């Protein structure tokens, strides 16, 4: 799959990817996550305009996955807000490729790490990220920016299930 910046016309497709990728959460008793609305087109457009919305596209050019991120300048990090792969493209390394692409972009922007928040016990969340080089952060390691992100997630009700922050340090050798 080819990775490139998302386009404005693709934003509704990203919402579709998000809805489809949410369905497997039902089997874990997390129907509220499956039913959660995807980011709005306006929210996605903010990432697009900031240059932090990327898609992995199929041979026909249709998006199969996306990643949106926010720079955390005080942390020298790029925070992965969302990385989502449509189930039809799952288990093909697409998420890993998007994260590697984001790592390269983060290094270009002067970041030294990627961060994210995720569900601790969902097999395709924290255990997956650990396999690709992210490490869980202890509460004492959370920066003010990560604490703010976690507080916002708690307001949204995501803390009904165990969550954690993770970090992957970057070096020029860790990028694609």
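The values are calculated or read from the model by the stated rules, or taken from the named source; none is laboratory data. A quick note: this is a predicted structure, and the numbers were derived from the prediction, not measured. Cβ atoms come from the backbone with ideal geometry, glycine included; neighbour counts cover every protein chain shown.
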Would you please list the contacts, defined by Cβ atoms under 6 Å and residues six or more apart or on different chains, that run from a residue in the range 72-86 that is free of Cβ contacts under 8 Å to residues at least 60 places away in the same chain and on the phi < 0 side of the Ramachandran plot to a residue that is in a loop (DSSP other than H, G, I, E, B) and buried (at least 19 other Cβ atoms within 10 Å of the Cβ)? 78/111
Hey, among the residues in the range 90-110 that are in contact (Cβ under 8 Å) with a residue 40 or more places away in the chain and more than 16 Å from the chain's Cα centre (by Cα), which one's nearest to residue 34 (Cα to Cα)? 92
Working only within the range 150-176, note down all residues that are modelled with pLDDT of 95 or more and buried (at least 17 other Cβ atoms within 10 Å of the Cβ). 165, 166, 167, 168, 170
With the structure loaded, tell me whether residue 11 is part of a strand (DSSP E or B) and either surrounded by 20 or more Cβ atoms within 10 Å (Cβ to Cβ) or at pLDDT 95 or above (or both) or whether it fails that test. no
Is there any pair linking a residue in the range 32-49 that is over 21 Å from residue 79 (Cα atoms) to one that is in a loop (DSSP other than H, G, I, E, B), with Cβ under 8 Å and at least six apart or on different chains, and which? 32/157
Quick check on the range 104-111. Is at least one of its residues touching a strand residue (DSSP E or B) at 6+ places or on another chain (Cβ under 6 Å), in a helix (DSSP H, G or I) and crowded, with 17+ Cβ neighbours inside 10 Å? yes
Within the range 117-176, how many residues are part of a helix (DSSP H, G or I), touching a residue at least 60 places away in the same chain (Cβ under 8 Å) and in contact with a strand residue (DSSP E or B) (Cβ under 7 Å, 6 or more places away or on another chain)? 3
Return only the number of the condition from (1) modelled with pLDDT under 90; (2) within 23 Å of residue 44 (Cβ to Cβ); (3) surrounded by fewer than 17 Cβ atoms within 10 Å (Cβ to Cβ) that residue 125 does not satisfy. (3)
